[in-house]
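Colleague: A single structure is presented below for examination.
The values are calculated or read from the model by the stated rules, or taken from the named source; none is laboratory data. Everything quoted here is computed from the prediction, not taken from an experiment. In this analysis, Cβ positions are derived from the backbone assuming ideal geometry, glycine residues included, and neighbour counts consider all displayed protein chains. Areas reflect the complete protein model, heavy atoms only, side chains present, ligands, DNA and RNA absent. Shrake-Rupley method; radii C 1.70, N 1.55, O 1.52, S 1.80 Å.
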Amino acid sequence: MSHPSSVEYDAGCMILGNSGVGKSTLANVLAQGDCFEAAYQPNAVTQTTEHTVRQFNDVKVAIFNMPGLIENDPKAVERNKREIERAFKECPTSVPMYVFDCSTGGRIRDEDVVAFQALDEAFHFDRRALGFVCNQIPTGRPRDYEGQTTLCLQRLLGFSPRVTFVSKFEPSDKAGRHHVFVQLKTLVNQCVPCDHRLQAPIELRTDKIEAMKKQARALQDSFNKEKADLTDQINDLQRKYEELQNSPVKEEVHQHHYEEGG
């Protein structure tokens, strides 16, 4: 895919996360087309940075689909770092949208937390710009799952995240795909694109990864033990999320967001 200069769009939506979390599928949904290759396979599908430009209201948004960060092959990790750095160099004014894979019992994976922390340390993401997607959530989840997971993410990340929860869906299902499009568009519209440039190298030493994964696992275990005493907070977060989902949908990206962020 070609990589036009940044003058051809106003800002970028950078879809980030590890391999296999569903980034390409979400990018296709947001772009309302099949612009990026997406497949279920053991190896990473996306190995280079790609983007497509879509007009939302009067705003031209470049939707970037990038490789995952953590892989077993060190050479692949270095390649992925370069591709992510190149995307932000090309389009620093952006909304980073980080994707967690929640397909295994709805639990946040340790490696997804570690990858986000590594990227955040490198780019110092502006919290006004940052959005999260909990993706591939199984059906039949607890009534207060969104509230529980939001509070758990607060503990893991150290700040209150702006997050949407996407259930498993078939990309060929037009109704399901449109529902996810509205979710993603609403999330993007809540964010203020800000300037993001590399502040430090993306650091992923094996020893550091293992230490960070251990810390993330310990925080999740601690949260699960305390969960019974956090009912009020969980219920409040659940209510706020449901109110947001049930409020009139704002499907337009506001121009003033881009002016403020640029």
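Colleague: Please determine whether any residue of segment 216-231 is under 20 Å from the mean Cα position of the chain (by Cα) and either of a type in the set (Asp, Glu) or assigned to a loop (DSSP other than H, G, I, E, B) (or both).
Modeller: No: segment 216-231 contains no residue that is under 20 Å from the mean Cα position of the chain (by Cα) and either of a type in the set (Asp, Glu) or assigned to a loop (DSSP other than H, G, I, E, B) (or both).
Colleague: Looking only at residues in segment 57-71 that are over 18 Å from Val99 (Cβ atoms) and touching a residue at least 60 places away in the same chain (Cβ under 8 Å), which one is most open to solvent (accessible area, probe 1.4 Å)?
Modeller: Asp58
Colleague: Another question about this same structure. Only residues that are open to solvent by 20 Å² or more (accessible area, probe 1.4 Å), assigned to a helix (DSSP H, G or I) and touching a helix residue (DSSP H, G or I) at 6+ places or on another chain (Cβ under 9 Å): list them for segment 82-94, please.
Modeller: Glu85, Glu90
Colleague: Something else now. For a quick check of your reading of the model, give me the residue pairs whose first member lies in segment 205-217 and is more than 13 Å from Ala115 (Cβ to Cβ), whose second is modelled with pLDDT of 90 or more and part of a helix (DSSP H, G or I), with beta-carbon atoms closer than 6 Å and at least 6 apart or on different chains.
Modeller: Here the result reads Arg217/Asp110, each pair linking segment 205-217 to a residue that is modelled with pLDDT of 90 or more and part of a helix (DSSP H, G or I).
Colleague: Hey, can you tell me all the residues within segment 160-197 that are free of Cβ contacts under 8 Å to residues at least 24 places away in the same chain and among the acidic types (Asp, Glu)?
Modeller: Within segment 160-197, Glu170, Asp173 meet the criteria.
Colleague: For segment 72-81, check the following and say yes or no: at least one residue is open to solvent by less than 60 Å² (accessible area, probe 1.4 Å) and within 15 Å of the chain's Cα centre (by Cα).
Modeller: No: segment 72-81 contains no residue that is open to solvent by less than 60 Å² (accessible area, probe 1.4 Å) and within 15 Å of the chain's Cα centre (by Cα).
Colleague: Moving to a separate point now. Being modelled with pLDDT of 90 or more, open to solvent by 20 Å² or more (accessible area, probe 1.4 Å) and touching an Asp or Glu at 6+ places or on another chain (Cβ under 6 Å), is that true of even one residue in segment 36-55?
Modeller: Checking segment 36-55: not a single residue is modelled with pLDDT of 90 or more, open to solvent by 20 Å² or more (accessible area, probe 1.4 Å) and touching an Asp or Glu at 6+ places or on another chain (Cβ under 6 Å).
Colleague: All but one of (1) assigned to a helix (DSSP H, G or I); (2) open to solvent by less than 60 Å² (accessible area, probe 1.4 Å); (3) in contact (Cβ under 8 Å) with a residue 60 or more places away in the chain; (4) farther than 30 Å from Gln32 by Cβ hold for Tyr241; which doesn't?
Modeller: (4)
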